[in-house]
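Below is one structure, written out as structure tokens; the observations come after it.
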Amino acid sequence: MSRRHVTLLLLAVLAAGLGLWAAQRTFAPPPAPARPITSTVTLLPVPRELPPFSLQQASGQPLTQDTLKGHWTVVFLGFTHCPDICPTTLAMLAGAQKQWATLPEASRPRILFVSADPERDSPEQVARYAHAFHKDTLAATAPLPALQAFTRSLSLVFMKVPGASGEAADYSIDHSAALVLLDPQARMAGVTQPPFDLKGIAADLALLTQTPQ
């Protein structure tokens, strides 16, 4: 092959490479926005879409994905007869809510307390219990099948545990203690495990709220 042919071949390969590079630059999707660095909350690599759900609130209005959109939401599963973990966690979260009070109400992070004991906890009871810690806490429950589907979608679990007396009304609820984070599109976006760091949770949610989505 002559030197001229070799030169022409190299130019053709170079042109093809430049054309492929230009095509990739033109048609490639835009890069994902940089993820904020959180200190306490573990963010999922990709937020998880949740199946449709409908929980019951004291107001009579169902709590659905649409209810939660526009805000970062911390979901906590518990029950009103809980002797220790639930009141301790809700008191801690109320401290975070006080720190978020300076953030715009339209985008302020929210807490959702979901009772895993619909047999004893009516929506009204759940609301009274949650609001005793902070008036802005969302509160809901649901019949068992809907409740199980919702918690399963968040990788949370709960189960009824009989009490020592053996009577039907004497029981407790074992439940996940983790806090699940939903993003402003109502997708599962992260989780944080006990022991909880109040300052870290408050700071992480404030940072996420102020980070463009």
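The values are calculated or read from the model by the stated rules, or taken from the named source; none is laboratory data. Note that the structure is a prediction, hence the values are computed from the model and not measured. Heads up, the Cβs are rebuilt from the backbone with ideal geometry, glycines too, and the neighbour counts pull from every protein chain shown.
Sort out for me the strands (runs of 3 or more DSSP E) sitting completely within the range 107-200 that have 3 or more residues that are within 17 Å of Leu90 (Cα to Cα).
Fully inside the range 107-200 and qualifying: 110-115, 138-140, 171-175, 179-182.
State whether the residues of the range 54-77 include one that is in contact (Cβ under 8 Å) with a residue 24 or more places away in the chain, assigned to a strand (DSSP E or B), surrounded by fewer than 17 Cβ atoms within 10 Å (Cβ to Cβ) and not aliphatic (A, V, I, L, M).
Checked against the condition, which is being in contact (Cβ under 8 Å) with a residue 24 or more places away in the chain, assigned to a strand (DSSP E or B), surrounded by fewer than 17 Cβ atoms within 10 Å (Cβ to Cβ) and not aliphatic (A, V, I, L, M), the range 54-77 yields no hits at all.
For (1) out of contact with any Asp or Glu (no Cβ under 9 Å at 6 or more places or on another chain); (2) in the same structural domain as Thr64 (by TED's automatic domain parsing); (3) surrounded by 12 or more Cβ atoms within 10 Å (Cβ to Cβ); (4) farther than 21 Å from Pro83 by Cβ, each residue gets a yes or a no:
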{"site": "Gly166", "(1), (2), (3), (4)": "yes, yes, no, no"}
{"site": "Asp170", "(1), (2), (3), (4)": "yes, yes, no, no"}
{"site": "Leu181", "(1), (2), (3), (4)": "no, yes, yes, yes"}
{"site": "Thr192", "(1), (2), (3), (4)": "no, yes, yes, yes"}
{"site": "Phe196", "(1), (2), (3), (4)": "yes, yes, yes, no"}
{"site": "Gly200", "(1), (2), (3), (4)": "yes, yes, yes, yes"}
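Table: residues versus (1) at pLDDT 55 or above; (2) farther than 24 Å from Leu147 by Cα.
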{"position": "Thr7", "(1), (2)": "no, yes"}
{"position": "Leu20", "(1), (2)": "no, yes"}
{"position": "Arg25", "(1), (2)": "no, yes"}
{"position": "Pro31", "(1), (2)": "no, yes"}
{"position": "Thr38", "(1), (2)": "yes, yes"}
{"position": "Pro51", "(1), (2)": "yes, no"}
{"position": "Leu55", "(1), (2)": "yes, no"}
{"position": "Gln61", "(1), (2)": "yes, no"}
{"position": "Val75", "(1), (2)": "yes, no"}
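Can you tell me which residue within the range 132-157, out of those that are of a type in the set (A, V, I, L, M, F, W, C) and more than 28 Å from Lys98 (Cβ to Cβ), is farthest from the chain's Cα centre (by Cα)?
Leu144
In the range 157-211, which residues are modelled with pLDDT under 95 and polar (S, T, N, Q)?
If the condition is that a residue be modelled with pLDDT under 95 and polar (S, T, N, Q), then Ser165, Gln210, Thr211 are the ones that fit.
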